[in-house]
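J.: Okay, handing you the structure first.
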Amino acid sequence: MVQNETSRPRPYPLRASEGVRIAIVAARWHEELTGAMVASARDELLAAGVEAENLHVVWAPGSFELPILAARAAAEVDAVLAFGVVIQGETQHDHWVAHGAVTGLMLASLQHETPIHLGVLTCKTIEQARARALPHAKGGEQDKGREVARAALETLAALDAMDDWD
């Protein structure tokens, strides 16, 4: 693949455009983990220059309710980050919750032409979820909140670059 300025991997830290507005929607279910992802994402976005007054956090009861909140937010902001945790159980309930959440978030993103970034973890165990959700300083391995925030910043930078295609 030929790389150009918009497809080449971008070095971190990325800087937010002036006035960029970002919403975070998060599920209260497994709030220890979703709260950690929200905090990590918020820290990353603030460090990148997003102004605190342009960063909005909205809580949903669970992951299944994230798409409606993300859709409403997408009509008002430049990007949305969605955080939830779905743990596999004895029935297929987790499958339907995860599928509904992920599909709903994707459709809302396309409908509003606003990036909605997926931070919904679908894990077999709570231990797997902790490893993915928590920042390194709290014993996590992946810090998905930070990763999702960086993906949002990179996507916004790519969209800004595409706006210059004349």
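Just so you know, all these numbers are worked out from the coordinates, no wet-lab data involved. This one's a predicted model, so the numbers in the text were calculated from it and none came from an experiment. Methodologically, a virtual Cβ is constructed for each residue, glycine included, from the backbone with ideal geometry; neighbour enumeration extends over all protein chains shown.
J.: Which ones in the stretch 97-130 are in a helix (DSSP H, G or I), surrounded by 20 or more Cβ atoms within 10 Å (Cβ to Cβ) and β-branched (V, I, T)?
T.: Residue satisfying the conditions is V97 alone.
J.: Please enumerate the residues belonging to the stretch 24-40 that are surrounded by 14 or more Cβ atoms within 10 Å (Cβ to Cβ) and not in a strand (DSSP E or B).
T.: Passing the criteria: R28, W29, H30, L33, T34, G35, A36, M37, V38, A39, S40.
J.: If you scan the stretch 131-155, which residues turn out to be aliphatic (A, V, I, L, M), crowded, with 16+ Cβ neighbours inside 10 Å and under 20 Å from E31 (Cβ atoms)?
T.: A131, A133, L134, V148, A149
J.: Give me the residue from the stretch 41-65 that is in a helix (DSSP H, G or I), in contact with a Gly (Cβ under 8 Å, 6 or more places away or on another chain) and among the small types (G, A, S) and, out of that set, surrounded by the fewest Cβ atoms within 10 Å (Cβ to Cβ).
T.: So the residue we want is A41.
For every residue, the table says whether it meets (1) of a type in the set (G, A, S); (2) under 17 Å from G145 (Cα atoms).
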| residue | (1), (2) |
| --- | --- |
| A75 | yes, no |
| A79 | yes, yes |
| G84 | yes, yes |
| T91 | no, no |
| V97 | no, no |
| A101 | yes, no |
| H112 | no, no |
| G119 | yes, yes |
| C123 | no, yes |
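J.: Of all residues in the stretch 113-166 being among the charged types (D, E, K, R) and touching a helix residue (DSSP H, G or I) at 6+ places or on another chain (Cβ under 8 Å), which is farthest from I87 (Cα to Cα)?
T.: Of everything passing the filter in the stretch 113-166, R150 is farthest from I87 (Cα to Cα).
J.: Follow-up question, since we're still on this one. Within the stretch 77-96, how many residues turn out to be surrounded by 15 or more Cβ atoms within 10 Å (Cβ to Cβ) and not in a loop (DSSP other than H, G, I, E, B)?
T.: Result for the stretch 77-96: 10.
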